[in-house]
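Since the structure comes first, as C-alpha cells, the remarks are kept for the end.
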Amino acid sequence: MDEKLIFVISPPRSGSTLLQHMLGAHTEIFTYPEPHLITPIAHLGYYANVDKAPYDHINAAEALHTFVEGLPRGEEDYLDALRAYVHTLYGRMLEPRKESRFLDKTPAYALVLPFLSRLLPHAKYVVLTRHPLAIFSSYANSFFNGDWKTAHEFNPILERYVPAMAQFLRERPVPLKHVAYEDLVANPEAELERIFAYLGLEHQPEAVRYGDRAEIREGMGDPINVKRLDRPVTDSVEKWAAELASDPQKLRLAQEMIARISDDDLEIWGHPRDTIF
C-alpha cells in the first residue's frame, strides 16, 4: 500500500491545493480533501503527545512505551499496527476507484515528518516550497484580513514549518521530489513532467488544465482561487513584496520572522537570506 501513496508536503498557503488539483487530474491519481489521518496517530504518546486530552495523557504515554517495550519486535510491531490502520483506510478509499494511486495533501503532516517517513518509507513525497513571506502574506490576508501581527500571534507558521521541512529536505530520510511554487506556476508543464517521472507515471501534460479534468471537491484546503481558475497563473508570485513596500510595520514584523530562521534552513528552502527582501 505504501507504494500507492503520494504525499504533498507543504506549509499552509504555499500553493499545495493547486498542485493537488493538477496531480489529481492525472488518470492514475485519486485525491481527497485533507484527511488528517497521520497527525492524530503521531501524537498518541509514543512519538509525540498533546497538551491536553480527555484522559491522563501522561500516564497513557508512559503505559504505551512500557507496552511497546514488551512486544516481540518492540517499536517495529507498533509501527506495523499503525501501518495497518492507515493502509486499511487509504486502501478502502482507493479500492472502488479506477485510479491506482492515492494522494494526500494535509499541511499539518509537515510538522510530523520524522514519524511519517518512518511509518511510510516507501510512499512518494513531493515537497512544495514557496517564498516564506509570500506564504505568510497569503496566510494573513486569507484568514486575518491582512493583520500580520494577529496572524503571527495566532500561528507563527514560518518559524514552525520552514525548519521542520528544511530538516526533511536536508536529511532526506526517504526519496523525495522538491518543487518550488514559483517554478510550478511559471513553467507548469515542465514541472509536472518532472513530478510524474518521479512518481513513475506516464506524463499527461493536459493535467496542467486541471479545471477540465480534475474532480473538484469542497474542503480541499483552499479551493477559492483554484476553483476560479483552470490552470496555474503567476499573479500572486510578487504580491507580498508590494504589500511590504507600502507598510513599514509589516516589513518590520517580516524582518523579525525571517531573523528567527537559520541561514541553512533558508538556503535549502531555496530562498537564501540575502535574497529574501
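List of remarks:
Residue by residue, here is whether (1) farther than 18 Å from residue 9 by Cβ; (2) of a type in the set (Lys, Arg) holds:
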position: 109; (1), (2): no, no
position: 119; (1), (2): no, no
position: 137; (1), (2): yes, no
position: 165; (1), (2): no, no
position: 168; (1), (2): no, no
position: 172; (1), (2): no, yes
position: 176; (1), (2): no, no
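- Condition broken by residue 35, with the remaining ones in (1) open to solvent by less than 10 Å² (accessible area, probe 1.4 Å); (2) in contact with a strand residue (DSSP E or B) (Cβ under 7 Å, 6 or more places away or on another chain); (3) not acidic (Asp, Glu) satisfied: (1)
- Tally, over region 94-109, of residues that are surrounded by fewer than 20 Cβ atoms within 10 Å (Cβ to Cβ) and either in contact with a Phe, Trp or Tyr (Cβ under 6 Å, 6 or more places away or on another chain) or of a type in the set (Phe, Trp, Tyr) (or both): 3
- Tally of residues being farther than 15 Å from residue 19 by Cβ and either free of Cβ contacts under 8 Å to residues at least 12 places away in the same chain or under 10 Å from the mean Cα position of the chain (by Cα) (or both) across region 99-112: 2
- Qualifying residue in region 125-134 (condition: small (Gly, Ala, Ser), in contact (Cβ under 8 Å) with a residue 12 or more places away in the chain, within 27 Å of residue 241 (Cα to Cα) and touching a helix residue (DSSP H, G or I) at 6+ places or on another chain (Cβ under 6 Å)): yes
- Helices (runs of 4 or more DSSP H) contained entirely in region 1-74, each with at least 1 residues that are closer than 25 Å to residue 176 by Cβ and among the aliphatic types (A, V, I, L, M): 16-24, 38-42
- Test for residue 85: is it of a type outside the set (Gly, Ala, Ser), open to solvent by 40 Å² or more (accessible area, probe 1.4 Å) and modelled with pLDDT of 95 or more: yes
- Of all residues in region 1-18, those satisfying the criterion of being closer than 17 Å to residue 200 by Cα and at pLDDT 95 or above are 4, 5, 6, 7, 8.
- Cross-chain or 6+ apart pairs with Cβ under 8 Å, region 61-73 first and closer than 17 Å to residue 41 by Cβ, then assigned to a helix (DSSP H, G or I): 68/75; 68/77; 68/78; 71/77; 71/78
- Every pair of residues 6+ apart whose Cβ atoms lie under 6 Å, when the first sits in region 165-178 and is closer than 18 Å to residue 3 by Cβ and of a type in the set (D, E, K, R) while the second is in a helix (DSSP H, G or I) and open to solvent by 10 Å² or more (accessible area, probe 1.4 Å): 177/198
The values are calculated or read from the model by the stated rules, or taken from the named source; none is laboratory data. Just so it is clear, the structure is predicted and the values come from calculations on it, not from any experiment. Positions of Cβ are backbone-derived with ideal geometry, glycine not excepted, and every protein chain shown enters the neighbour counts. Surface accessibility is based on the protein's heavy atoms, side chains included, excluding ligands, DNA and RNA. Shrake-Rupley method; radii C 1.70, N 1.55, O 1.52, S 1.80 Å.
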